[in-house]
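Nothing in this text is a laboratory measurement; each read-out follows from the coordinates by a stated rule. The shown structure was predicted, so the numbers you read here are calculated from the model rather than taken from an experiment.
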Amino acid sequence: MKRRTALQVVTAAIGPGQLAMAQHHLITLAEAPESYKPRFFNPEQIELLSQLTEMIIPADAHSPGAKEAQVSLFIDLIVAHSAPDIQERWKSGLKLVETEAHKRSDRPFLKCSPADQDSILGTLAAGEADPRTELERFFALLKLMTIDGYYTSSIGIHRELQYKGNAVLARFPGCSHSEH
């Protein structure tokens, strides 16, 4: 599945009045991400999202991370076309991250040391299985959107998963493990 198709499916949850506009912007983001301009978050929030998403899916020797896949722009686009209550959840969630950073190190998240950032993210993720606080619920939302954005990008699909597309198989070899 191409990113364009996947992103169009994601936008199906957006209200019918905004669907055509959202699809146009998603196509722009998929085909020419360098020309995409954030529509909802301010530059500082985009930078914060970029760092948080990169911490969730970091670059490694196998493939680039969420930052290179521009997951923060994907989130911006989806949130920009979401209902006002969803938009408010994102804004308040980012504020909660900043509040936690100020509680721990008396500075904004992006100015914290990598160790402090890891500790803060650990606090956000602590209740991932059963989120009880607004901060934990925001992390669950952030992680899901990060995964959606990353694995619908060319980087996630082709470089990480090494998806080659649909192919006709001449034969269907069985399992080659001796214990099977």
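Numbers at a glance
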| item | result |
| --- | --- |
| Mean shadow area of the range 55-180, taken as a quarter of the surface of its Cα convex hull (nm²) | 11.9 nm² |
| Average Cα contact separation per residue, the range 39-160, under 8 Å, 6 or more apart, as relative contact order % | 30 percent |
| Across Lys91/Lys164; Lys37/Lys67; Lys37/Lys164, pairs whose alpha-carbon gap is larger than 26 Å | Lys91/Lys164; Lys37/Lys164 |
| Extension reserve of the Asp130-Lys37 stretch, reckoned as 0.36 nm per residue once the Cα distance is removed | 30.0 nm |
